[in-house]
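Notes to accompany the following structure.
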Amino acid sequence: MNFGRWAERIYAERDFGRSIATSVAGIVGLSLYLTSKDWVISAFSTMIAFPIVRVISSAAHSAYKRKKLSITNIEKAQELYDQLSEEEKGVLKEFVIVGGSVMSWGHANRVNLSEPGVASLMQREILYSTMTPDGMREAFGIRVDIFDIAQKAFRKEIEF
């Protein structure tokens with residue numbers, strides 16, 4: 001067995017779960033060997049511990065990365081919302097009053113949305129043209145992450 005190549009493969013590993021599993025399995029195997037002086041029990045314990053620890057650490061790391069990405073996306077959306085003008089926020093407020101992130105053009109005309117606010121939100125790619133689910137009418141849609149922030153911002157002003 002070439003221990004140099006084996007060690008090189010272990011230390012060149014980039015997979016988080018595998019790296020943690022290798023370390024923990026090594027500690028389990030070494031601890032059992034030092035306490036029992038039986039290399040067979042130590043080897044089997046290492047082989048059993050490795051996949052279990054790998055699955056657990058990979059799942060924990062994936063959950064951590066998803067949560068961190070979600071928080072980052074929310075922070076970016078909040079930062080974008082904070083940069084909006086009062087005209088743009090007024091348009092978003094109308095969506096919140098309607099109660100959804102999609103509004104038909106007919107409804108938008110009835111509530112008299114600010115044209116500069118609409119154009120600006122479209123330029124920022126927050127507001128876009130879409131179709132109603134029945135495919136019969138055109139509608140405006142806004143990004144859901146921005147809509148969620150607008151709901152929180154206007155919650156106190158609007159009674160539901």
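The values are calculated or read from the model by the stated rules, or taken from the named source; none is laboratory data. As the structure is a prediction and not an experimental result, all values here were calculated from the model. Note that each Cβ is placed from the backbone with ideal geometry, even for glycine, and that neighbours are counted across all protein chains shown.
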> Condition test on Ile56, is it surrounded by 12 or more Cβ atoms within 10 Å (Cβ to Cβ), of a type outside the set (Lys, Arg) and farther than 26 Å from Asp145 by Cβ?
Replying inline: yes
> Assuming Lys76 fulfils every condition listed in (1) within 28 Å of Leu127 (Cβ to Cβ); (2) basic (Lys, Arg); (3) crowded, with 16+ Cβ neighbours inside 10 Å apart from one, which condition is it?
Replying inline: (3)
> What single numbered condition from (1) outside any helix (DSSP H, G or I); (2) of a type in the set (Gly, Ala, Ser); (3) at pLDDT below 85 fails to hold for Gly100?
Replying inline: (3)
> Looking only at the range 66-83, which residues are of a type in the set (A, V, I, L, M, F, W, C) and touching a residue at least 24 places away in the same chain (Cβ under 8 Å)?
Replying inline: Ile74, Ala77, Leu80
> Identify, please: which residue in the range 114-160 is hydrophobic (A, V, I, L, M, F, W, C) and exposed (fewer than 13 other Cβ atoms within 10 Å of the Cβ) and is, among those, farthest from Glu94 (Cα to Cα)?
Replying inline: Met136
